[in-house]
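Chemist: Starting off with a structure, shown below.
The values are calculated or read from the model by the stated rules, or taken from the named source; none is laboratory data. Because the structure is a prediction, the values reported are computed rather than measured. Cβ: placed from backbone, ideal geometry, glycine included. Neighbour counts: every protein chain shown. Ligands, DNA and RNA are stripped out before the accessible areas are found, and what is left, the full protein with its side chains, is counted by its heavy atoms. Shrake-Rupley method; radii C 1.70, N 1.55, O 1.52, S 1.80 Å.
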Amino acid sequence: NDDDDDDDTEAKPGNFLHNNNKGRGYCSFLVQHSQEVLEDLLTSRLPMVHLPVKESDSKDDNSTATMKVNYGPALWLFFGKNYNSNESLLGRPEHTDSVTHDGTFHYQLSGTKIWRLRPTAELMEQNESSPSNKKRKVEESESDKEASNHHIEVECKEGDILLLNTRLWWHSTIIPSQDDPCISYARDIYFSEKKHDCENEQQSNRESSMTNVDGTWATEAIEADTILFTEHNMPDIELPRVQLRTEMASFLDNTASEGPNCQLVELEDDEGGTFMAVVTLRDIREGEFFTLLESDDEEESGDEDCSEEALEEEE
């Protein structure tokens with residue numbers, strides 16, 4: 001939140017969202033714990049809660065056609081203010097989401113939001129292997145690396161819908177200067193009913209595990225047994241510690257079913273000394289968040305961070 005309001009009012013989400021607040025900022029939150037609130041929003045307050053498809057040309061068909069998909073258990077809301085400013089406001093920085101669903105639709109309820117998108121390496125590989133691209137020749141100047149670094153800008157205005165797989169596309173958002181608040185909401189979708197049913201079995205007791213937080217992720221695919229950090233070069237970050245086969249890092253949908261992808265180990269240097277390091281437990285996909293295997297001692301003590309200070313303490 002980049003709130004520039006000079007009032008002495010305490011910075012609280014409710015104050016920022018209030019109509020009288022002219023602060024400058026961006027926030028997002030989830031509706032998931034109250035089924036009553038979620039149902040009220042979906043049934044009577046939001047203009048569109050199901051993905052529409054092209055309506056039938058038949059005059060006898062008066063029904064509104066919707067896409068046959070399954071939806072995730074939560075509703076995402078995004079709220080930005082950038083009133084009378086001389087510059088655009090950055091929303092979330094570029095990232096991918098570690099998720100298992102097939103995509104998310106975003107409905108622009110008010111104002112304007114600009115999306116900056118570029119494909120991940122995984123998406124580029126999928127595109128190359130698709131049957132439609134078997135016969136297409138790609139010139140050397142249009143290499144995968146150049147293509148993956150090219151951004152697409154999509155301007156969403158009131159009433160626009162953007163359908164996006166946020167795991168396969170690097171994405172960031174920009175809030176241009178405008179007189180109206182920038183408000184949008186989103187729902188996760190599943191095209192495969194079988195896949196969705198499987199997800200429900202695994203996540204039926206985990207709805208509260210979804211939270212809206214930032215994490216540290218892989219910018220490229222990483223092989224198992226790779227040293228990510230040592231106590232000598234550990235960046236200023238915290239990695240969530242999670243247990244095997246449990247309800248895990250709250251913001252990681254697919255990592256929760258696969259287990260933690262890193263562990264803290266003691267290694268020996270060339271001089272016979274030892275040092276602590278974070279090493280990958282398995283292959284990590286591009287865009288997947290890093291999670292650390294929790295030891296039995298940490299489980300008992302409730303310690304849940306992995307930072308530079310934590311590495312030093314392990315020594």
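Chemist: For segment 249-266, indicate whether the set of residues that are of a type outside the set (Gly, Ala, Ser), at pLDDT 80 or above and open to solvent by 50 Å² or more (accessible area, probe 1.4 Å) is non-empty.
Modeler: yes
Chemist: For segment 130-156, name all the residues that are in a helix (DSSP H, G or I) and either open to solvent by less than 70 Å² (accessible area, probe 1.4 Å) or modelled with pLDDT under 60 (or both).
Modeler: Answer for segment 130-156, where residues must be in a helix (DSSP H, G or I) and either open to solvent by less than 70 Å² (accessible area, probe 1.4 Å) or modelled with pLDDT under 60 (or both): Ser132, Asn133, Glu140, Ser141, Glu142, Asp144, Lys145, Glu146, Ala147, Ser148.
Chemist: For segment 220-239, what are the residues that are closer than 27 Å to Leu168 by Cβ, open to solvent by 40 Å² or more (accessible area, probe 1.4 Å) and modelled with pLDDT under 85?
Modeler: Let us first name the residues in segment 220-239 that are closer than 27 Å to Leu168 by Cβ, namely 220-226, 228-229, 235, 237-239.
In the following step, the residues that additionally are open to solvent by 40 Å² or more (accessible area, probe 1.4 Å) were identified as 220-221, 223, 225-226, 235, 238.
Correct list: Glu220, Pro235, Glu238.
Chemist: Considering segment 22-49 alone, what residues qualify as being modelled with pLDDT under 90, out of contact with any Leu (no Cβ under 9 Å at 6 or more places or on another chain) and either among the β-branched types (Val, Ile, Thr) or surrounded by 16 or more Cβ atoms within 10 Å (Cβ to Cβ) (or both)?
Modeler: Gly23
Chemist: In addition: With respect to the numbered conditions (1) of a type in the set (Phe, Trp, Tyr); (2) at pLDDT below 90; (3) closer than 30 Å to Asn149 by Cβ, which one is the sole condition not fulfilled by Phe16?
Modeler: All conditions are met except number (3).
Chemist: Within segment 105-114, track down each residue that is open to solvent by 10 Å² or more (accessible area, probe 1.4 Å) and not small (Gly, Ala, Ser).
Modeler: If the condition is that a residue be open to solvent by 10 Å² or more (accessible area, probe 1.4 Å) and not small (Gly, Ala, Ser), then His106, Tyr107, Leu109, Thr112, Ile114 are the ones that fit.
Chemist: Within segment 159-189, can you find the residues that are open to solvent by less than 40 Å² (accessible area, probe 1.4 Å) and charged (D, E, K, R)?
Modeler: Across segment 159-189, the qualifying residues are Arg187, Asp188.
Chemist: Are there any pairs, at least 6 apart or on different chains, whose C-beta atoms fall under 8 Å, with the first in segment 30-53 and outside any strand (DSSP E or B) and the second exposed (fewer than 11 other Cβ atoms within 10 Å of the Cβ), and if so, which?
Modeler: Correct list of pairs: Val49/Thr43.
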